[in-house]
1. Given (1) of a type in the set (V, I, T); (2) out of contact with any strand residue (DSSP E or B) (no Cβ under 9 Å at 6 or more places or on another chain); (3) surrounded by fewer than 22 Cβ atoms within 10 Å (Cβ to Cβ), where does D:I342 come up short, assuming only one miss?
2. So which helices (runs of 4 or more DSSP H) are wholly in the range D:188-280 and hold at least 2 residues that are under 26 Å from the mean Cα position of the chain (by Cα) and more than 9 Å from every other protein chain (Cβ to nearest Cβ)?
3. Considering the range C:254-310 alone, what residues qualify as being surrounded by fewer than 16 Cβ atoms within 10 Å (Cβ to Cβ) and under 18 Å from the mean Cα position of the chain (by Cα)?
4. When residues of the range D:105-151 are filtered for being more than 10 Å from chain C (Cβ to nearest Cβ), among the charged types (D, E, K, R) and open to solvent by less than 10 Å² (accessible area, probe 1.4 Å), how many remain?
5. Condition check: open to solvent by 10 Å² or more (accessible area, probe 1.4 Å), modelled with pLDDT under 95, on the phi < 0 side of the Ramachandran plot and of a type in the set (A, V, I, L, M). Does D:L240 satisfy that?
6. In this structure, is C:G101 at pLDDT below 90 and within 19 Å of the chain's Cα centre (by Cα)?
7. Would you point out which residue out of B:G90, B:G59 is open to solvent by 20 Å² or more (accessible area, probe 1.4 Å), within 25 Å of C:F296 (Cβ to Cβ), part of a loop (DSSP other than H, G, I, E, B) and of a type outside the set (F, W, Y)?
8. So, B:A128, is that one away from chain D (no Cβ under 11 Å) and outside any loop (DSSP other than H, G, I, E, B) or not?
Amino acid sequence: MKLTLVKNILDTRINRGAAMLEVSDIHVYYGLFEAVKGISVNIREKELVAIMGPNGHGKSTLIRAISGLVKIRGGKIEYNGKKIDKLKPPDIVKMGIIQVPEGGHLFPEMTVEENLLLGAYVPGAWKKRKENMQIVLDLFPILKDKMDQICLTLSGGERRAVAVGRGLMSSAKLLMLDEPSLGLSPLLAKELIKGIKKIKDTGISIILVEENIRYIRELADRIYLIEQGKVTLEGKKDQVLGNKHVKKAYLGII
Amino acid sequence: MFSDIASAIIIGLVLGSMYALAAVGLTLVWGVLKILNFAHGGFITLGAYFVWVGITFLGGNYVISFLLVMGLTFLLGFVLNAGVIRPLQGRPESETNIFIATLATSIIIENLIIVGFGGRYKSIPEMASGSLTLGSISINFQQMIIMAVAPVFLVGLMYYLKKMKSGMAVRAVAQDADGAAIVGIDSERVYSYTIAIGALMAGVAGVLLGVIFYLSPGMGGDPLVRALFIMVLGGMGSVKGTIYGAYIIGIIDALARYFIGMFWASPILFVMFILLLLLRPQGLFGVKV
Amino acid sequence: MKSNKFLLEILAIVLVLSVIPALVRQQYILHVIMLAMIFGIVASNWNLAIGYGGMFHLAQVPFFAAGGYSTAILSVHMGLSPLIGILVGGVAAVILSLIIGIPALRVRGIYLVFLTFAFHFIMLSLVLYFVDITGGDMGLILEPIRIGATNIDMFNPVVTYYTALSLFVLSLVFIKTIIDSKIGLALVSLRDSEVYAVSRGINPYKIKLVTFVLSSFLAGVCGAFYVHYLRVVTPALFDWSFLITFLASIVIGGVGTLYGPLLGAFILTFLMESLRFLEMFRNIVFGLLMILILIFMPKGLIMLANRAQSIFSSRQNSAGIVDEEN
Amino acid sequence: MSEKKISRRKYLAIAGGAVAVAAVGGAAYYLGMGGPGAGKRPVKIGIAAGLTGRRSGVGVDSRDAVLLAIKEINEAGGILGHPVEPVVEDTVDQEAGMITSVFLKLIEREGVDGIIAHWGNNSCAEFDIVQEKKIPYISAGAANQVEAVITPNPDAYSYIYMAVPSYKLYGTIFPEYISILEKEGKYKPINHKIAMISRAFEYSIFITEGLTKTFTDMGWEISIKEHLPSAKVEDWSSVLSKIRSDPPALIISTMTDPASDHLLLKQFLEDPTPSLLYEQASPNDPEFREMAGNDADGIVHVYGIQKIPTDHPYRVKYQENFGRDPSPYGIISYDQMMMMKIAMENAGDPFNREAVAKALLNIDYKGVMGRFVIDPKTHLPKGGGEFMPFPVYQMWNQENMMLYPFEVAEQEFKYPHWYQKALTK
């Protein structure tokens, strides 16, 4: 499928003032390859922002850049008005910006309980690990019986639940979910969506990287479309999903 | 015959205890940093000499000397990391370069000991003298102490890794470094105290080796070579596997000494090592850290 | 063009090294240069595997020792002539490299290090055990070699020196030929991206084995030469100090370069000789130097030489420009 | 561009400066070497010692002993009025290439007039060098190796002499003594079996072979044979269990390593058998005496050195200087230096090397170890009888007591302290 780039920015200035995370014009390189070519996104308190777009076009890289796992070249990332793009990942985690990466990056030889506990590794969260554990178990009751099981032996859905749960253990203020539904059966995905909704209701802001439009439609407040390392479209959910290019390229509606 | 087997197994347990302590630090460092710390043998030597210094110069108290060894080797572990390993990590060819740099470190340690204490044998006064004889099996109290002390440290290490927060962080970095970064674990810090813990375990192994044998500047070399074998047998990076592996090698070593002769015990182990590397390089257990 | 440059370089090296015996009366200096040449050859052949092939193994010392022991055993027990003996040393190393390489190169990384490490110890045990053949710990003492009825000692210092020099040049040409050949190209592409290389139809195992075997030959030859030169072979041939010397030569000079290990061997040998006044502190200084070089000059001293060369040539250039301006 | 040029210039300047400093330093070093000192021309003695290798204990003891001898010689006015100047070089592990470097450097760079090297070097790589360069050389290396090299043509090695006698007597003296004891009924062995423990070390192998041959000729049987790759033994249980299940009358260890020999004794005493314990050379090591204490009472061995009691002037002197008891290597090397001194004095001119070498051949020096008279066939000091004595020693109270030859015996053979207990069990 040939992509036509649509430079049609909708509703750009609407939410600027209240943004908790502000990513402005960042560039990321892997060697000589420029994976992110000047992306700007922002997210407000209690908001769920979805990031959609084809695979390999820079969505995950954006998330990794916010987490500090890759260094940016040019541009800046601010969190509550403070520049965070020079910080190391652990310091960013301490601020409450938590990533749930694609594939989870769980600790495979550890039990579910250990994985969750490590989610609360940063000092502030460690104190609240018991309460947070309760919250996670309320969200994902399936984990209750699996606490002593090694993660390697979990099913895909359970693993995803542990990954999200581990993210929540750190008293997250901003949760970044990278393709949480990838490879899940529709039933499990539904469970997960329920969980994400509940998380949102507790007041945590969420950045959701997703390719499945169904989930986006159900969850998102706003949407960014990232294509070839750039934001090609952004706006409220209905605006973006109603866009002609999106309809044609992603929703299969002609 | 039977009593030979029985006493070989007892000696195997003594050797295994020592090998386990010597290997466990090496394997932990491999598991977390994916590097082969060749200075490990040097730290075994240092442990023995520190306890000797503690006992002969600082009043002769075993407990205090033991604590001194643990403290000093732990601190020197940080020095090793900051001065030698960290500057080389993450560069191209770091695997080779760290091997050579830690080899150079072991040369430095050995020669510092020669300069400082001379090349003559030293011996640590016995903790307990006497022996226990059951039929034709005889085991002395020193060996019994080793069999008792080693598990304390091994279990302690396991407990630390399993139950304590920073121990869990060590395992986390070993299993998924990105995952560890995501939950806020500073891997640099974990690296440095992993090396320090490895150094501490080497120091403890050195003390026990010094208790049953004698101190010489190159004394850490042999246990290091055994530790390499054990590390692979247990599955590179697996602490639990390494402990099993150490006792297995200890018993095989002892049986070979009893039934084939002391000359061939080592070559036999090396042949087994080669076979293991060719046939089952992932080790016997395949358990991670 | 490229081979012309190489020819010139070789000529320069031969010229410099071959006039030394005429200028230097001291056998000590010749001996140290010879050691440097021998260590340089062994190191640069090892570098073929480590630097070009990306196979970090520890079998080079066993190759060296195999060369030494095979020729010594044959010459002591069967009166083999040393000239053939030197070749026999190379062949023995090649046979050993096949014995080790065929199984060992199926494993990689740290496992290859361990495997070759284990071989080292097994060989040493065999040498120590079969006293009747190897002389055990005592080793074997070789007769001085005389050519025919003349009284010319075949291994008198000057003759030995030029023999070592010939080996040195031979090794340079040998390695250059390999790295410029298809094997060399395949090796480099394997090292840089195995997936790509395999997709281009390169069989990694075969190429690695060929390189492994090729890199052993001159190590064996040097071992044999070394033994004939010193007229004695002892288990000291397995000493770790050899491993450290060869490895340090590669690292100090520059991994994966043609001249690096040779330069490294010369610098290391002369440095260690000139540091003798440090007595017991010499090895400590050596260890520290190694670590510092690894940290601050990871590409080795050959990079400094290259930089100096580029400065030199750019200076010439800039001088030319200045002339024009005037 | 200009900035770059400056940095390059700077770089060149630094490099040039470094080269200049090195050159000046080097020149000064070599000029300084040739410059004659005040007073009479010193006699330079090269000391090739493994200060940092595996046997650094031996190397340091040897060096110290030579330095002690030189200090004494200088205090007494030097050699024929010439002061003696030591030049120490580290031979590390005595590897042949390293030995060659050291000897060539000592001879050509340092211009030494004689060289002393200690026990433990069996390379013989230096022989051709010292012979060709005509440097009087006293070695204490592998005696049987040297014997094998020199015997076919002693004249071709006219500059090379040894300070330790042939090992051959080790193979005969002890069996001889045991058979006399047995005949006289002073020792009743429980059987005629021997447990023979050796290691891959030339001294050990040679003595083991000698003892094995003599004892089997006498009708004894080697019932247990254990050969070890090195001196590193953490545990002797496997050998001891064989010994305990079939106790031999004699346990012979030629390990020649104080640590492993002490461990053997210690573990043996946990459950001793009625056997005599013969441990080669180790009872002469101060480390062994310290570690074993009175546990060693009754150990027998033969050593090619005359008895050096605790109040022996040399032993006292060595302790005063270095704060430790001399090891055998700390004794041999002292005698080596004294041999050199006497030879130089006998030659009438310490710098007339040919004369010094000839004087070494004809030396008759009563040293700490014994009387040095060189056997012209082997260039080794003569052993046995009035020359280098090979007494049978038995250790009592951390002191080696002579048992045999009977003319010099200090006491009669006594059963070791574990013997009766083990016999009655």
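The values are calculated or read from the model by the stated rules, or taken from the named source; none is laboratory data. Being a predicted model, the structure only gives us computed values, none of them experimental. FYI the Cβ positions are ideal-geometry reconstructions off the backbone, even for glycines, and counts take in every protein chain you see. Note: areas computed on protein heavy atoms with side chains; ligands, DNA, RNA excluded. Shrake-Rupley method; radii C 1.70, N 1.55, O 1.52, S 1.80 Å.
1. Condition (2) is where D:I342 drops out.
2. Details: elements: D:202-217, D:237-245, D:258-270.
Counting at least 2 such residues, we get D:202-217, D:258-270.
3. Passing the criteria: C:F270, C:L271.
4. Residues flagged as more than 10 Å from chain C (Cβ to nearest Cβ), among the charged types (D, E, K, R) and open to solvent by less than 10 Å² (accessible area, probe 1.4 Å) within the range D:105-151 amount to 1.
5. Numbers: open to solvent by 10 Å² or more (accessible area, probe 1.4 Å): no; modelled with pLDDT under 95: yes; on the phi < 0 side of the Ramachandran plot: yes; of a type in the set (A, V, I, L, M): yes.
Criteria not met by D:L240.
6. Details: at pLDDT below 90: no; within 19 Å of the chain's Cα centre (by Cα): yes.
No; evaluated as a whole, the condition is false for this residue.
7. Details: B:G59 fails: within 25 Å of C:F296 (Cβ to Cβ).
The conditions single out B:G90.
8. Details: away from chain D (no Cβ under 11 Å): yes; outside any loop (DSSP other than H, G, I, E, B): no.
In short, no.
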